[in-house]
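The values are calculated or read from the model by the stated rules, or taken from the named source; none is laboratory data. The model shown is predicted, which means the values in this text are computed figures rather than measured ones. Methodologically, a virtual Cβ is constructed for each residue, glycine included, from the backbone with ideal geometry; neighbour enumeration extends over all protein chains shown. The protein model used for the area step is the full one, side chains on, heavy atoms only, and it has no ligands, DNA or RNA in it. Shrake-Rupley method; radii C 1.70, N 1.55, O 1.52, S 1.80 Å.
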Protein chains: 2
Amino acid sequence: MALIVQKFGGSSVKDAERINNVADIVTSTYKEGNDVVVVVSAQGDTTDDLIAKAAEINDKPSKREMDMLLSSGEQISASLLAMAIERMGYPVVSLLGWQAGFDTSSDYGNARIKRVNVQRIEQELDKRRIVVVTGFQGVNRYGDMTTLGRGGSDTSAVAIAATMHADLCQIFTDVDGVYTADPRKIPGAIKLSSISYDEMLELATLGAQVLHNRSVEMAKKYNIELEVLSSLTRRKGTIVKEESNVEKMLISGVAKDDNIARISIIGVPDKPGLAFKAFKIFSKLASKGINVDIILQSIGRNGTKDISFTVDKNKMDDAIALLQQNAEKWGASNIVSDDNVTKVSIVGAGMETHPGVAAEMFEALFSRSVNIQMISTSEIKISVLLNKADGDRAVEAIHEKFFENH
Amino acid sequence: MALIVQKFGGSSVKDAERINNVADIVTSTYKEGNDVVVVVSAQGDTTDDLIAKAAEINDKPSKREMDMLLSSGEQISASLLAMAIERMGYPVVSLLGWQAGFDTSSDYGNARIKRVNVQRIEQELDKRRIVVVTGFQGVNRYGDMTTLGRGGSDTSAVAIAATMHADLCQIFTDVDGVYTADPRKIPGAIKLSSISYDEMLELATLGAQVLHNRSVEMAKKYNIELEVLSSLTRRKGTIVKEESNVEKMLISGVAKDDNIARISIIGVPDKPGLAFKAFKIFSKLASKGINVDIILQSIGRNGTKDISFTVDKNKMDDAIALLQQNAEKWGASNIVSDDNVTKVSIVGAGMETHPGVAAEMFEALFSRSVNIQMISTSEIKISVLLNKADGDRAVEAIHEKFFENH
């Protein structure tokens, strides 16, 4: 008998038919003799519908009330799933975040899980019940509802798995695993049987959007084996674990991230003091919650230099506003930005010991006349910034180079 | 400075426009220097929509999961109302039943409030916040969500008012007070400026459906003055209190209740032992939660008698099933039922000291050729059971007799 945590996303429970399908997966796992804890997201578009309702009333509601509103979404899906399991004749109980013991920080809308007091879940499992828990939500020290931010249900599932030392944590989504590239775009994309936490982290950050980043970090920290799989195909998915020892592939995937913008500070005089001041902008951006990714410094004309970097597209306006307040101080002549860009990355633990990977990647891009704007590398990742129009062609070329010709 | 509890029903918060209207009423009360606690029901048809969602998945879901599902409805309306109040620039906080301290029994779907631990509400009022509380719901000793049954939000409001010794408890509905008859049907219906708890209780039981019965009982017990008024007209409503001392009207209202069915046990042999057994059916019905109203015993033919009584229409099938299991034991020849009936009642504290009321009522009915099937009287109430087709005509005739010719 094992303890298995199963998480189902919004599309997996979007209507009665899908809920019954999930109930069937859950009860099959239970029938095999396992303890089963199920974590659910809100149904389909519920969260977006609730946000629209709020917007009709207040275009800037407090985050506290927003969390109160949004946490109703999982309450509905969790109780409906419990009813479907009841109808199949199995013992079940649904629990809200606060009932399941999710203590979080007070950052409404983006709370962090501090601990999960799993006594109630354990009591219910001891009664041989299937336990359905609302994902995405918890309660803070004031006894107020909090939400974990988009994709937080993955984190909820991994937190339960970590606290209870679960044998497996299955994340059911609408794709049946982690692929070497987006299978909707690249017909030759290959499903990986396993991938390491670090590779998965890079892929999540890079826009592959299979798993929520915080959930992978937590799984890595507590060494919880994750399986990413589809609630519809019921085929074996991709295992995320410490070492992807099954295949020693050179790289494990190609990802594209369109949610990105490039900002450049133009014409900063090339004097040590001023440049130093300009670089302080990065800590200022960080303090405003604006994460900077690729950074490039280039020598401009007439003894000036340009500093370019990328940010999330939805943070672009905030970042520009902050820069414009300071441009004069640095002697910068101009702030320019471009959100018509995309970031294409390859990720693979193998590249650490294989120095030719970058060259192969660039070769693939040049062979299709794709122009590279910026480059950034880490031990297991190479990213390039491109014109958005070149994105799909670039992924295709790289995927062909690494996966289809090998 | 007074403490005022304001309760708004589902139609008062059914869309953004109505929610803004409620926010305006609430903040006006707050602006006058009062402490304000607001109790809200779920928006418009939310509860029915949720019930339909559940029915699609399980035609007999557990009541525990049903309460988990339904309690999301007020969570949505409470947070939306709080957002509307925020937008108007007032300090506000919304609280769920469990956060507001509603400890209830464990009868899912029909829980009773055991106590309200109002510390959290008091703390928020001390911060000069408007407090919005979800009606209709609480938490039981196991930490599970419960609901109070239909109309339970009235009870939630009165429970807070009673516990906190509020100066006034306003119940906003879609009618602007208590009338001598249903104003949609009887154009001459008169709005009462006040009515006693007992009269209101009889009217609520009798289908006037202005206030939830349990809420009036609780208001009476703790002597909380209620005001029934409309959230749309903003006119003074009807005050419900110990003594309706303003006008000494003979009767205060005529009510009609179509949610009723008559059941008859036919041909019970007129022997003491058997009849005694048959009457035990009433305790059996009570133990199944089936309330019996008017009871009539009539001598039938050939030394047998018939026992007739009325029940809520939706309990008719359960009651008949129970009777059929026992009919043979009593020697009864048949069980017959009729749900094509209606109950028309007049209520008034004045009739205690004025014996001619019943005669006047019957006279009004006979003058319109309305046939009376059964009669039941209490100190302040006279009810008659009629063919459903006669109902509206009967109310009209009685109303004319007591209110329009005096």
Seminar exercise, completed: Given (1) outside any helix (DSSP H, G or I); (2) in contact with a Phe, Trp or Tyr (Cβ under 6 Å, 6 or more places away or on another chain), B:GLY44 misses just (2)
Problem set entry | Count - residues of the stretch B:123-141 that are surrounded by 13 or more Cβ atoms within 10 Å (Cβ to Cβ) and farther than 16 Å from B:SER72 by Cβ | 7
For this session: Working only within the stretch B:142-151, note down all residues that are small (Gly, Ala, Ser) and either open to solvent by less than 10 Å² (accessible area, probe 1.4 Å) or modelled with pLDDT under 95 (or both).
Result: B:GLY149, B:GLY151
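For (1) aromatic (Phe, Trp, Tyr); (2) open to solvent by less than 10 Å² (accessible area, probe 1.4 Å); (3) part of a loop (DSSP other than H, G, I, E, B); (4) at pLDDT 90 or above, each residue gets a yes or a no:
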site	(1), (2), (3), (4)
A:ILE346	no, yes, no, yes
A:ALA358	no, no, no, no
A:PHE362	yes, no, no, yes
A:VAL370	no, yes, yes, yes
A:LEU386	no, yes, no, yes
A:GLU396	no, no, no, yes
A:PHE403	yes, no, no, no
For this session: Given the conditions (1) over 24 Å from the mean Cα position of the chain (by Cα); (2) more than 17 Å from A:LEU70 (Cα to Cα); (3) not charged (D, E, K, R), report the number of the one that B:TYR108 does not fulfil.
Result: (1)
For this session: Could you grab me the full set of residues in the stretch B:311-344 that are open to solvent by 30 Å² or more (accessible area, probe 1.4 Å) and within 24 Å of the chain's Cα centre (by Cα)?
Result: B:ASP312, B:LYS313, B:ASN314, B:LYS315, B:ASP317, B:ASP318, B:ASP338, B:ASP339, B:ASN340
For this session: May I ask you to list the residues in the stretch A:79-91 that are in a helix (DSSP H, G or I) and either within 7 Å of another protein chain (Cβ to nearest Cβ) or open to solvent by 10 Å² or more (accessible area, probe 1.4 Å) (or both)?
Result: A:SER79, A:LEU80, A:ALA82, A:MET83, A:ALA84, A:GLU86, A:ARG87
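Yes or no: the stretch B:168-181 includes at least one residue that is closer than 16 Å to B:GLY97 by Cα, open to solvent by 10 Å² or more (accessible area, probe 1.4 Å) and part of a loop (DSSP other than H, G, I, E, B).
No - not one qualifying residue is present in the stretch B:168-181.
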Exercise. Which residue, of B:ASP317, B:ASP270, B:ASP338, is out of contact with any helix residue (DSSP H, G or I) (no Cβ under 7 Å at 6 or more places or on another chain) and under 28 Å from B:ILE382 (Cβ atoms)?
Worked result: B:ASP338
Seminar exercise, completed: Residue pairs qualifying under the 7 Å Cβ cut-off, at least six apart or on distinct chains, with the first in the stretch B:355-371 being small (Gly, Ala, Ser) and the second being surrounded by 13 or more Cβ atoms within 10 Å (Cβ to Cβ), are B:ALA358/B:THR377; B:ALA358/B:ILE382; B:ALA364/B:ALA397; B:ALA364/B:ILE398; B:ALA364/B:LYS401; B:SER367/B:ALA397
Problem set entry | Of residues in the stretch B:114-140 being part of a helix (DSSP H, G or I) and out of contact with any Asp or Glu (no Cβ under 6 Å at 6 or more places or on another chain), the one nearest to the other protein chains (Cβ to nearest Cβ) | B:ARG120
Exercise. Hey, any hits in the stretch B:106-121 for a residue that's hydroxyl-bearing (Ser, Thr, Tyr) and within 22 Å of B:ILE85 (Cβ to Cβ)?
Worked result: no
For this session: Hey, can you tell me all the residues within the stretch B:211-231 that are closer than 12 Å to B:LYS241 by Cβ and within 16 Å of the chain's Cα centre (by Cα)?
Result: B:VAL216, B:ALA219, B:LYS220, B:LEU226, B:GLU227, B:VAL228
Exercise. Restricting the first residue to the stretch B:141-170 and requiring it to be within 14 Å of chain A (Cβ to nearest Cβ), which pairs with a second residue that is surrounded by 24 or more Cβ atoms within 10 Å (Cβ to Cβ) and of a type in the set (Gly, Ala, Ser) meet a Cβ separation below 7 Å and a spacing of at least six or different chains?
Worked result: B:MET145/B:SER71; B:THR146/B:ALA111; B:THR146/B:GLY138; B:THR147/B:SER71; B:THR147/B:ALA111
Seminar exercise, completed: Taking the stretch A:1-57 and keeping residues open to solvent by 10 Å² or more (accessible area, probe 1.4 Å), away from every other protein chain (no Cβ under 11 Å) and of a type in the set (A, V, I, L, M, F, W, C) leaves A:MET1, A:ALA2, A:LEU3, A:ILE4, A:ILE25, A:ILE51
Exercise. Considering the stretch A:372-384 alone, what residues qualify as being open to solvent by 30 Å² or more (accessible area, probe 1.4 Å) and under 21 Å from A:VAL178 (Cβ atoms)?
Worked result: A:SER378, A:GLU379
Problem set entry | Boolean, B:ASP306 is surrounded by fewer than 17 Cβ atoms within 10 Å (Cβ to Cβ) and either within 28 Å of B:SER196 (Cβ to Cβ) or among the acidic types (Asp, Glu) (or both) | no
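Suppose the filter is touching a strand residue (DSSP E or B) at 6+ places or on another chain (Cβ under 6 Å), at pLDDT 95 or above and surrounded by fewer than 24 Cβ atoms within 10 Å (Cβ to Cβ); does B:THR163 pass it?
Yes; evaluated as a whole, the condition is true for this residue.
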Problem set entry | Qualifying positions in the stretch B:17-76 - among the β-branched types (Val, Ile, Thr) and closer than 20 Å to B:ILE130 by Cα | B:ILE19, B:VAL22, B:ILE25, B:VAL26, B:THR27, B:THR29, B:VAL36, B:VAL37, B:VAL38, B:VAL39, B:VAL40, B:ILE76
Exercise. What pairs come up if the first residue lies in the stretch A:306-335 and is of a type in the set (Phe, Trp, Tyr), the second is open to solvent by 30 Å² or more (accessible area, probe 1.4 Å), and their beta carbons are under 6 Å apart, counting only those six or more places apart or on different chains?
Worked result: A:PHE309/A:VAL292; A:PHE309/A:ILE295; A:TRP330/A:LEU274; A:TRP330/A:LYS277
Exercise. Is it the case that the stretch B:127-140 has a residue that's out of contact with any helix residue (DSSP H, G or I) (no Cβ under 7 Å at 6 or more places or on another chain), without any contact (Cβ under 8 Å) to a residue 40 or more places away in the chain and within 20 Å of B:MET218 (Cβ to Cβ)?
Worked result: yes
Exercise. When only residues in the stretch B:92-106 that are open to solvent by 10 Å² or more (accessible area, probe 1.4 Å) and of a type in the set (Ser, Thr, Tyr) count, which is nearest to the other protein chains (Cβ to nearest Cβ)?
Worked result: B:SER106
Problem set entry | Residues being in contact with a strand residue (DSSP E or B) (Cβ under 8 Å, 6 or more places away or on another chain), open to solvent by less than 10 Å² (accessible area, probe 1.4 Å) and more than 7 Å from every other protein chain (Cβ to nearest Cβ) - total across the stretch B:58-77 | 4
For this session: Looking only at the stretch A:188-198, decide whether some residue is touching a His at 6+ places or on another chain (Cβ under 6 Å), surrounded by fewer than 21 Cβ atoms within 10 Å (Cβ to Cβ) and part of a loop (DSSP other than H, G, I, E, B).
Result: no
Exercise. What's the number of the condition B:VAL116 fails, among (1) crowded, with 16+ Cβ neighbours inside 10 Å; (2) out of contact with any Ser or Thr (no Cβ under 7 Å at 6 or more places or on another chain)?
Worked result: (2)
